[in-house]
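Input: a single structure, listed below in structure tokens.
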């Protein structure tokens, strides 16, 4: 079968296909996609972020490469206002470079090199990429943020100071030099070499908290068993804490309590069932979050049990939180059937809104997921892990992967992954229909009247009768009637004996097919 790559930019998809056609496997291609996305979709991910990976070999057990990042080791007792949201103090120690290097060293094909996987990203940074519709809308929304940042503005505005528009060519020569250095000197340079020294100089110059010791101590990612449940005869695998995959599994378990025919058509009945299941799962997450991000097995096992879903289906809890973050996701499968699902992020759009002037990449703002309140389960602390909604997922049947998917969008990740998974299984209309179908989302509220977000009108859907308040999502990132607020799923599914990719029409992404070797 052909290898397939689906990502949020056509350039990154082409980079992954290029590596597959050179003899690389899905892991090698994932590296090329990751680095190319950091260039061509820089508002979402990059060298300054973190990445989480789930892998399913064609004939083996799935596993997770847990690439969480960590807070710096020295945090002041008094946190300045908004220090966890923007600026150099808002960033956790970037883990993406460490994670991708670890993945290739341990699971790559050995056919293509580290430098080979960076080559497409270097090319896009030097020669430029064409701004697509979604990326142009993102630049437009965040124009003030970029212009107000003395370090980000030179990177992202056009040479004449104009905002990039649809069709413009954006070049990043400073980032190209950093990527070339990374290709030549290896990943360790980011943590103990010349790149590390530049990062520390940034932190010292601008008041950041990351030290040389923090970078040098960045651990290799943990290889873990994924969380798992079954859904109507399929096995569903996803990311463990600190990611949010357990909430997807809980939502699917709740959906199993609805008759299959209720979910088999994209109508008001299906939308109502989704709203109820997502309401219960999001409330459960916020009312009883997983507070032990290391020794979570027993508690999470109970949360994702069929018994817990049955209990939740009979009652609801009070909850409140829907953090505002952004992310990217891509899926890869090679001709041997090795499936790789990767969610990567710098958290908010344009991360901490600050960049390394000498290195050309944005820093993340994952510190915002931590709480300033002392004694809170997720309080700011040295080496704390940021709480995340990442839910890269693989669905399998009879021990082999059949669907690879994930999404950006903060808590909407959970809603999007749940809905696309259910649509592919319950509606059974194919992966393109599942990805493009209108979505819903629920944000629980402390006032007892939860907020429902509905992307499209479903005739007969009575949100008020469900004791939900219909809320209006942001509308400045809409393409052809579909709203990027509801995520950006990039998925691959095995259909009629062949892999088929589907890029979310809410973004600029594309599916790419490698020529059979």
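Counted as qualifying within the range 189-289 are the strands (runs of 3 or more DSSP E) with 1 or more residues that are without any contact (Cβ under 8 Å) to a residue 24 or more places away in the chain, out of contact with any strand residue (DSSP E or B) (no Cβ under 6 Å at 6 or more places or on another chain) and under 20 Å from residue 55 (Cα atoms), namely 227-231.
Of the candidates 43, 29, the single residue that is buried (at least 24 other Cβ atoms within 10 Å of the Cβ), in contact with a helix residue (DSSP H, G or I) (Cβ under 8 Å, 6 or more places away or on another chain) and in contact (Cβ under 8 Å) with a residue 40 or more places away in the chain is 29. Annotation: residue 204 fulfils all but one of (1) over 26 Å from the mean Cα position of the chain (by Cα); (2) over 29 Å from residue 75 (Cα atoms); (3) loosely packed, with under 14 Cβ neighbours inside 10 Å; the unmet one is (2). Residue count for the range 86-105 under the criterion of being more than 30 Å from residue 144 (Cα to Cα) and in contact (Cβ under 8 Å) with a residue 40 or more places away in the chain: the result is 7.
Test residue 472 against the stated conditions and say whether it is closer than 21 Å to residue 413 by Cα, assigned to a strand (DSSP E or B) and at pLDDT below 95.
Working: closer than 21 Å to residue 413 by Cα: yes; assigned to a strand (DSSP E or B): no; at pLDDT below 95: yes.
Judged against the criteria, residue 472 is not a match.
Please verify whether residue 164 is at negative phi and at pLDDT below 95, treating the condition exactly as stated. Spelling it out, it is not the case that residue 164 is at negative phi and at pLDDT below 95. Of all residues in the range 439-446, none satisfies being in a strand (DSSP E or B), out of contact with any strand residue (DSSP E or B) (no Cβ under 7 Å at 6 or more places or on another chain), surrounded by fewer than 19 Cβ atoms within 10 Å (Cβ to Cβ) and in contact (Cβ under 8 Å) with a residue 60 or more places away in the chain.
Any idea which residue in the range 494-508 is surrounded by the most Cβ atoms within 10 Å (Cβ to Cβ), counting only those that are in contact with a helix residue (DSSP H, G or I) (Cβ under 7 Å, 6 or more places away or on another chain) and under 13 Å from residue 405 (Cβ atoms)?
Going residue by residue through the range 494-508, those that are in contact with a helix residue (DSSP H, G or I) (Cβ under 7 Å, 6 or more places away or on another chain) are 495, 500, 502, 504-508.
Among the residues that remain, those that are also under 13 Å from residue 405 (Cβ atoms) are: 500, 502, 504.
Values: 500: 18, 502: 25, 504: 27.
This residue is 504.
Scanning the range 318-353 for residues that are modelled with pLDDT under 85 and either under 21 Å from the mean Cα position of the chain (by Cα) or loosely packed, with under 15 Cβ neighbours inside 10 Å (or both) returns 318, 320, 321, 322, 323, 324, 325, 326. Within the range 232-246, the presence of a residue that is surrounded by 14 or more Cβ atoms within 10 Å (Cβ to Cβ), modelled with pLDDT under 95 and under 25 Å from residue 460 (Cβ atoms) is excluded. Among the criteria (1) exposed (fewer than 14 other Cβ atoms within 10 Å of the Cβ); (2) touching a residue at least 12 places away in the same chain (Cβ under 8 Å), the one residue 144 does not fulfil is (2). Looking at the range 74-83, can you tell me whether even one residue there is in a loop (DSSP other than H, G, I, E, B), at pLDDT below 95 and buried (at least 17 other Cβ atoms within 10 Å of the Cβ)? Yes.
Sort out which residues of the range 349-387 are closer than 20 Å to residue 54 by Cβ and in contact with a helix residue (DSSP H, G or I) (Cβ under 7 Å, 6 or more places away or on another chain), and write them in order of number. Full working, then the answer.
Narrowing the range 349-387 to residues closer than 20 Å to residue 54 by Cβ: 366, 385-387.
Matches in the range 349-387: 386, 387.
Name the residues in the range 31-53 that are in a helix (DSSP H, G or I) and closer than 21 Å to residue 157 by Cβ, would you? Listed by number, the residues that qualify are 37, 38, 39, 40. Candidates 146, 118: the one that is in a helix (DSSP H, G or I) and within 30 Å of residue 25 (Cα to Cα) is 118.
A quick yes/no check of all residues on (1) surrounded by 15 or more Cβ atoms within 10 Å (Cβ to Cβ); (2) over 30 Å from residue 483 (Cβ atoms):
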| position | (1), (2) |
| --- | --- |
| 99 | yes, yes |
| 104 | yes, yes |
| 110 | no, yes |
| 156 | yes, no |
| 170 | yes, no |
| 183 | yes, yes |
| 189 | yes, yes |
| 193 | yes, yes |
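Step by step: first the residues of the range 405-419, then only those that are in contact with a helix residue (DSSP H, G or I) (Cβ under 7 Å, 6 or more places away or on another chain) and either free of Cβ contacts under 8 Å to residues at least 60 places away in the same chain or not in a helix (DSSP H, G or I) (or both), then the one that is nearest to residue 433 (Cα to Cα). Which residue is that?
Kept after step one, since they are in contact with a helix residue (DSSP H, G or I) (Cβ under 7 Å, 6 or more places away or on another chain), are these residues of the range 405-419: 405-407, 409, 411-412, 414-419.
The next check asks that each one be either free of Cβ contacts under 8 Å to residues at least 60 places away in the same chain or not in a helix (DSSP H, G or I) (or both); those that pass are 405-407, 409, 411.
Details: 405: 14, 406: 16, 407: 16, 409: 20, 411: 22 Å.
Going through the qualifying residues, I end up with 405.
The values are calculated or read from the model by the stated rules, or taken from the named source; none is laboratory data. Everything quoted here is computed from the prediction, not taken from an experiment. For neighbour counting, all protein chains shown are included, and Cβ atoms are generated from backbone atoms with ideal geometry for every residue, glycine included.
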